[in-house]
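Okay, structure first, notes after.
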Amino acid sequence: MNNVKTMVLMAGLMGLFLLAGQLLGGSQGLVLALVVGSAFNFIMYFFSDKFVLRMYGAKIVAEEQAPELYRMVDRLRQRAGLPMPVVAIAPHEQPNAFATGRNPEHAVVAVTTGIMKYMPQDELEGVIAHELAHIKNRDMLITTVAAGIAGALTNLPYLLMFGGGQSDDDGHPIAQLGLLLLAPIGAMLIQFAVSRQREFEADRVGAEILGRPIPLANALRRLDALAHKIPMNVAPAAAPLAQVNPLAARGGGVMKLFSTHPPTAERVTRLEAMAAGR
């Protein structure tokens, strides 16, 4: 069901992007939307790992630099039937983790310095298993495509303006203005919704990789609590990749609409039900 919801959301995001191109620039805008969307996705597909590591300030580490972490990732990736990913560490006090890369053969698993400081070993194993589940499910590709389309939609009006795109169809100027203002917000909301659906699936597969759901459930509780106490300075565009929302300390209210992750309590409930065999 999560996979079906993800595909529906992705179709909605692409449809919104093409609609924006059509309304803002007519048939020329539609063509430009296709070209720009393809270009964004091509760039994000091949270079997303470098962009994400830079946004988090993460550095790739060799086995001798973090032997325990490296061995943990190696052991769990074998259980998952995956090639060994690159291991990286991000210098953030907030405990968190993320995976990036275009496919299992070009994947990166990154953790923050805070997670190695605050997280017990069994819970850290749950965290790593969750990130390996993202790799196994190829969520990184889905997230990359969503981010690419959302980014292209945000910049599409400016590209049409400077590219000389003029509508060859009769259009309503007020509707075009509304689309200009609201489409980027809608794209961001859909992008975050895609991220939320992939988190549920990664929890499930991560628990299967680990062989027991409870350590991951406990890890999520701890990560969420500390994310609300310890802020992280990271770009919002990179937030959907983290295991729990790294921007949680910035507050609630209307920001919940822009949540990059499902409620931790719901994730924990599903994992506990899984442990009980329900």
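Any read-out appearing in this document is the output of simple, stated calculations on the displayed coordinates, not a laboratory observation. Please read all numbers here as calculations on a predicted model, not as lab measurements. Note that each Cβ is placed from the backbone with ideal geometry, even for glycine, and that neighbours are counted across all protein chains shown.
What to note about this one:
- Computing FRET efficiency as 1/(1 + (r/R0)^6) for Met116 and Arg250, where r is the C-beta to C-beta distance and R0 is 30 Å, gives about 0.80.
- For the stretch 43-55, putting each phi into the Karplus relation 6.51 cos²θ - 1.76 cosθ + 1.60 with θ = phi - 60° gives couplings of 5, 5, 4, 8, 10, 4, 4, 5, 5, 5, 4, 5, 5 Hz, in residue order, rounded to whole numbers and with x for Gly and Pro.
- Residue order, fewest to most beta carbons within 10 Å, for Phe98, Phe200, Phe46: Phe46, Phe200, Phe98
- The aspartates and glutamates within cross-link reach of Lys117, meaning a Cα-to-Cα straight distance under 18 Å and a gap of 8 or more places when in the same chain, are Glu68, Glu93, Glu125, Asp224.
- In plain terms, the chain from Glu63 to Arg75 could stretch by 3.0 nm, reckoned as 0.36 nm per residue minus the Cα-Cα distance.
- Within the straight-line cut-off of under 12 Å between alpha carbons, the aspartates and glutamates reachable from Lys59 are Asp49, sequence neighbours fewer than 8 places apart in one chain being disregarded.
- Exposure proxy shown here: for Thr143, Thr100, the number of other Cβ atoms within 10 Å sets the order, fewest to most, as Thr143, Thr100.
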